[in-house]
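Enquirer: Structure incoming, see below.
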Amino acid sequence: MHDLLINPAFQAGIAPFAVALPVGLMLRRAGWFWAGLALSAAFAVTVALTVGFQFQPWTSTRKIIALGFAATGAGLLLDLYPWDRRWVSALVFVAGAAAAVWVIWPVVQRREVWQAAMLIALGALYSGWCAAAMEGLRSRPIAGAISAVSLGVGTGIVTLLGASALLGQMGLALGAAAGALALLVCFGRKTEIGSLAMLPAGVVLGLVGIGGLVYAKVPWYSLVLLAWVPVCGWVPVPSSWPRWLQSGAVLVLTGVPSAIAAWLVWRVAGGVPL
């Protein structure tokens with residue numbers, strides 16, 4: 001049993017999927033956006049199996065974990081209260097950007113001024129974009145869930161190839177959990193996931209990507225490609241199609257930039273550095 005619990009494939013794939021699916025099924029009965037909590041529950045399981053819940057001293061990974069859970073609370077507030085949606089995207093972008101600066105600050109402090117400015121700009125732009133773009137898909141459960149799958153799997157593979165196993169596991173875990181939610185959305189009765197799922201997904205995956213760039217060997221161009229995943233999620237598909245066909249179309253659209261990013265990094269890395 002111990003060997004299973006410490007197996008990376010179990011921690012990053014099997015466990016989060018196995019948790020997200022039944023949790024999503026149970027919470028879906030409560031209606032509203034509660035099924036979206038399955039994503040955070042699955043993420044918590046992966047955290048428990050890998051680094052645990054000790055947050056001191058603050059490392060980049062622990063900061064990302066803490067910010068992911070904070071994003072769950074913020075997503076709940078966004079779903080609960082009738083916010084003016086015109087301002088939400090801007091606020092989420094700023095919050096995501098600030099989160100990235102906090103995560104990479106130890107490295108920024110040790111760089112020359114121009115290098116520090118570039119890191120801050122790139123980190124803030126990418127993390128803020130992922131948070132805002134993914135949260136913007138909250139009202140489209142099929143596109144949102146499938147985009148989270150593609151961005152999670154793509155980010156996980158790219159980061160893993162970039163020589164950061166732990167960050168790669170976190171990305172893959174969210175992709176696997178989003179896959180469970182996608183099954184509920186596609187093949188079950190109507191399931192809404194809202195900001196409760198999309199905000200933490202966007203925040204964590206944006207921070208994992210920029211963390212892989214700064215702390216590992218993730219190339220910048222892979223993040224440019226991954227940034228297109230939520231954009232492709234916005235491409236309209238015919239609403240007259242069955243949900244499974246709509247899901248397949250969105251998976252193809254969002255999977256293309258994710259797959260290209262992983263392939264390019266694979267060519268450079270030459271394999272998984274484990």
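Here, each number is a calculation from the coordinates, and none is a lab measurement. Note that the structure is predicted; figures quoted are calculated from it, not measured. Note that each Cβ is placed from the backbone with ideal geometry, even for glycine, and that neighbours are counted across all protein chains shown.
Enquirer: I need a count of the residues in the stretch 52-91 that are within 15 Å of L166 (Cβ to Cβ), of a type in the set (D, E, K, R) and in contact with a Leu (Cβ under 6 Å, 6 or more places away or on another chain).
Expert: Residues that pass the stated criteria total 0.
Enquirer: Does L119 count as closer than 26 Å to A177 by Cβ and touching a residue at least 40 places away in the same chain (Cβ under 8 Å)?
Expert: Values: closer than 26 Å to A177 by Cβ: no; touching a residue at least 40 places away in the same chain (Cβ under 8 Å): yes.
Taking the combined requirement at face value, the residue does not satisfy it.
Enquirer: Sticking with this structure for a sec: Among helices (runs of 4 or more DSSP H) lying entirely in the stretch 1-58, which contain 3 or more residues that are surrounded by fewer than 22 Cβ atoms within 10 Å (Cβ to Cβ) and either in contact with a Ser or Thr (Cβ under 6 Å, 6 or more places away or on another chain) or free of Cβ contacts under 8 Å to residues at least 12 places away in the same chain (or both)?
Expert: Details: elements: 2-5, 15-28, 37-49.
Per the criteria, 2-5, 15-28.
Enquirer: Then there is this: With the requirement that a residue be assigned to a loop (DSSP other than H, G, I, E, B) and hydroxyl-bearing (S, T, Y), what does the stretch 172-208 give you? Spell out the reasoning first.
Expert: Looking only at the stretch 172-208, we keep the residues that are assigned to a loop (DSSP other than H, G, I, E, B), and these are 188-193.
Hit for the stretch 172-208 is T191, nothing else.
Results for (1) under 17 Å from A20 (Cα atoms); (2) among the hydrophobic types (A, V, I, L, M, F, W, C), shown as yes or no for each residue.
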{"site": "T155", "(1), (2)": "no, no"}
{"site": "S164", "(1), (2)": "no, no"}
{"site": "G168", "(1), (2)": "no, no"}
{"site": "G175", "(1), (2)": "yes, no"}
{"site": "A178", "(1), (2)": "yes, yes"}
{"site": "A182", "(1), (2)": "yes, yes"}
{"site": "E192", "(1), (2)": "yes, no"}
{"site": "L196", "(1), (2)": "yes, yes"}
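Enquirer: Within the stretch 213-220, is even one residue touching a Leu at 6+ places or on another chain (Cβ under 9 Å), assigned to a loop (DSSP other than H, G, I, E, B) and either buried (at least 24 other Cβ atoms within 10 Å of the Cβ) or hydrophobic (A, V, I, L, M, F, W, C) (or both)? Can you show your working first?
Expert: Restricting attention to the stretch 213-220, the residues satisfying the condition of being touching a Leu at 6+ places or on another chain (Cβ under 9 Å) are 213-220.
Filter once more, so that each one left must be assigned to a loop (DSSP other than H, G, I, E, B): 216-219.
If we keep only those that are either buried (at least 24 other Cβ atoms within 10 Å of the Cβ) or hydrophobic (A, V, I, L, M, F, W, C) (or both) too, we end up with 216, 218.
The answer is yes, given that some residue of the stretch 213-220 is touching a Leu at 6+ places or on another chain (Cβ under 9 Å), assigned to a loop (DSSP other than H, G, I, E, B) and either buried (at least 24 other Cβ atoms within 10 Å of the Cβ) or hydrophobic (A, V, I, L, M, F, W, C) (or both).
Enquirer: Which residue is farthest from the chain's Cα centre (by Cα), if the candidates are limited to the stretch 134-158 and must be among the hydrophobic types (A, V, I, L, M, F, W, C) and under 15 Å from L78 (Cβ atoms)?
Expert: Just the residues of the stretch 134-158 that are among the hydrophobic types (A, V, I, L, M, F, W, C), to begin with: 134, 137, 142-143, 145-146, 148-149, 151, 153, 157-158.
Subsequent filtering for residues that are under 15 Å from L78 (Cβ atoms) retains 134, 137.
Details: M134: 9, L137: 13 Å.
In this case the residue turns out to be L137.
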